[in-house]
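The values are calculated or read from the model by the stated rules, or taken from the named source; none is laboratory data. Owing to the predicted nature of the structure, the values given are computational and were not obtained by experimental measurement. Methodologically, a virtual Cβ is constructed for each residue, glycine included, from the backbone with ideal geometry; neighbour enumeration extends over all protein chains shown. Surface accessibility is based on the protein's heavy atoms, side chains included, excluding ligands, DNA and RNA. Shrake-Rupley method; radii C 1.70, N 1.55, O 1.52, S 1.80 Å.
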Amino acid sequence: MARQRTVAMALVVGVILASITIDQVQSIGVCNGKVGDNLPSRAEVVRLYKSLGIGAMRIYEPEPETLLALDGTEIELIMDVGGGFAAIASDPAAAAGWIRDNVLAFPGVRIKYIAAGNEIEGSDTDNIVPAIKNLNAALAAASRTDVKVSTAVKMSVLGSSSPPSEGAFKDPYMTEVAKMLKATGAPLLANVYPYFAKRDTPDIDLGFALFKQSTSTVSDSGLTYTNLFDAMVDAVYSALEKAGAPDVPIVVSESGWPSAGDDLATVANAQAYNQGLIDHVGKGTPKRPVPLETYIFAMFNENQKGGAVTEKSFGLFNGPDKTPVYPVKFNN
């Protein structure tokens, strides 16, 4: 994906986490949401990441408590802009203030990417490129061009996705985004969920969606796809190629499977998917067979999220006691 990632030696996990063993695989990060009233403190969460050797985190807004807890750690960070997105897009001074308050104020935090919007839709998509421009200008003025600015998109930005070689962006703004990322050397952040594809298209073989042995394969332009995740990611790569940005890498900024809420959302399926994802991403995809930087959604179940039970049930861990929802091993 972006750069070659290395795998550290296995870490021994404490007794309370005896059923979940995690080695440090820097291709894998975990998203850290906070929409719950039973979650550990930010400092406890960061300690949990460190104890498990999880080398990367995504947060959905700049939050001083989390940033302070990350200070001095080796944990890499995707940080979403959160509120104020429109102001950042329209006002370079607002972008400069955001960088001052949330990047420059935390020099010991390894901020890798800034997400200018998460799954932006409708007329707000007009703000994506201006927000990226203004944030990049502020970073350049502060001599922090090591931080890359992108936006996180969902699969619906594609007008076609099957077979993967037919992947193409639906709307012109995504071509502008792709060209901007090409110019700045930033990746496209993509939220990739085979769970939703399987839920909405029941004919998809479950094993194909779960990285399991399956009689379903897809042959396309000389490439063979044995799982749905690869097919979805390579459809986005094809769209980038058609947009004139073939060298823009993809970072999978969210992927996961819920453990409760419908017939597909079971503990067994969630465990199979996330374990399969962890084991697979170091190999990349048929189109891009290099390690694919990927973030599992999410660290914790979030009991205050709106919508269906499934939306609350993507976590690897339960609330304040930090017990695993199911065992999973991060390895190569």
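Screening Pro202 on (1) over 19 Å from the mean Cα position of the chain (by Cα); (2) in a loop (DSSP other than H, G, I, E, B); (3) surrounded by 19 or more Cβ atoms within 10 Å (Cβ to Cβ) shows it passes everything except condition (3).
Being crowded, with 21+ Cβ neighbours inside 10 Å, within 30 Å of Ile99 (Cβ to Cβ) and in contact with a helix residue (DSSP H, G or I) (Cβ under 8 Å, 6 or more places away or on another chain) is a condition met by at least one residue of the stretch 138-147. Here is the figure for the stretch 208-230: residues that are within 15 Å of Pro286 (Cα to Cα) and either open to solvent by less than 10 Å² (accessible area, probe 1.4 Å) or of a type in the set (Lys, Arg) (or both) total 4.
None of Leu181, Leu139 is in contact with a Ser or Thr (Cβ under 7 Å, 6 or more places away or on another chain) and farther than 26 Å from Gly108 by Cβ except Leu181. The set of residues in the stretch 92-134 being over 20 Å from Tyr173 (Cα atoms), of a type outside the set (A, V, I, L, M, F, W, C) and either open to solvent by less than 50 Å² (accessible area, probe 1.4 Å) or out of contact with any Pro (no Cβ under 9 Å at 6 or more places or on another chain) (or both) consists of Pro92, Gly97, Arg100, Asn102, Pro107, Gly108, Arg110, Lys112, Tyr113. When Ala190 is tested against (1) outside any helix (DSSP H, G or I); (2) open to solvent by 60 Å² or more (accessible area, probe 1.4 Å), only condition (2) is not met. Being open to solvent by 30 Å² or more (accessible area, probe 1.4 Å), small (Gly, Ala, Ser) and closer than 24 Å to Ser156 by Cα is the filter here; which residues of the stretch 261-283 pass it? If the condition is that a residue be open to solvent by 30 Å² or more (accessible area, probe 1.4 Å), small (Gly, Ala, Ser) and closer than 24 Å to Ser156 by Cα, then Gly261 is the only one that fits. One residue stands out among those in the stretch 75-91 that are assigned to a helix (DSSP H, G or I) and within 15 Å of Pro62 (Cα to Cα): the one that is least open to solvent (accessible area, probe 1.4 Å), which is Ile88. Taking the conditions exactly as written (over 17 Å from Val328 (Cβ atoms), small (Gly, Ala, Ser), open to solvent by less than 10 Å² (accessible area, probe 1.4 Å) and touching a residue at least 24 places away in the same chain (Cβ under 8 Å)), does Ala235 satisfy them or not? For Ala235, the condition - over 17 Å from Val328 (Cβ atoms), small (Gly, Ala, Ser), open to solvent by less than 10 Å² (accessible area, probe 1.4 Å) and touching a residue at least 24 places away in the same chain (Cβ under 8 Å) - is met.
If the requirement is being modelled with pLDDT of 95 or more and more than 19 Å from Ser253 (Cα to Cα), which of these qualifies: Lys154, Lys170? After ruling out the rest, the residue left standing is Lys170.
Every residue, every condition in (1) within 21 Å of Ser161 (Cα to Cα); (2) touching a helix residue (DSSP H, G or I) at 6+ places or on another chain (Cβ under 8 Å); (3) among the aliphatic types (A, V, I, L, M); (4) at pLDDT 95 or above, yes or no:
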residue: Ser219; (1), (2), (3), (4): yes, no, no, yes
residue: Tyr225; (1), (2), (3), (4): yes, yes, no, yes
residue: Ser238; (1), (2), (3), (4): yes, yes, no, yes
residue: Glu241; (1), (2), (3), (4): yes, no, no, yes
residue: Asp247; (1), (2), (3), (4): yes, yes, no, yes
residue: Val251; (1), (2), (3), (4): yes, no, yes, yes
residue: Gly256; (1), (2), (3), (4): yes, yes, no, yes
residue: Thr266; (1), (2), (3), (4): no, no, no, yes
residue: Asn269; (1), (2), (3), (4): no, yes, no, yes
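Scanning the stretch 179-209 for residues that are over 20 Å from Thr294 (Cβ atoms) and touching a residue at least 60 places away in the same chain (Cβ under 8 Å) gives Lys179, Lys182, Arg199, Leu206.
Of everything in the stretch 284-301 that is open to solvent by less than 10 Å² (accessible area, probe 1.4 Å) and in contact with a Gly (Cβ under 8 Å, 6 or more places away or on another chain), the residue that is nearest to Gly256 (Cα to Cα) is Ile296. Among the residues making up the stretch 60-87, those that are under 19 Å from Leu188 (Cβ atoms) and touching a Leu at 6+ places or on another chain (Cβ under 9 Å) are Leu77, Ile78, Met79, Val81. Number of residues in the stretch 49-71 that are in a helix (DSSP H, G or I) and buried (at least 21 other Cβ atoms within 10 Å of the Cβ): the value is 6. When the residues of the stretch 257-289 are narrowed to those that are among the aliphatic types (A, V, I, L, M) and under 17 Å from the mean Cα position of the chain (by Cα), which ends up farthest from Lys312 (Cα to Cα)? In this case the residue turns out to be Val281.
The single condition among (1) within 19 Å of the chain's Cα centre (by Cα); (2) crowded, with 23+ Cβ neighbours inside 10 Å that Lys154 does not satisfy is (2).
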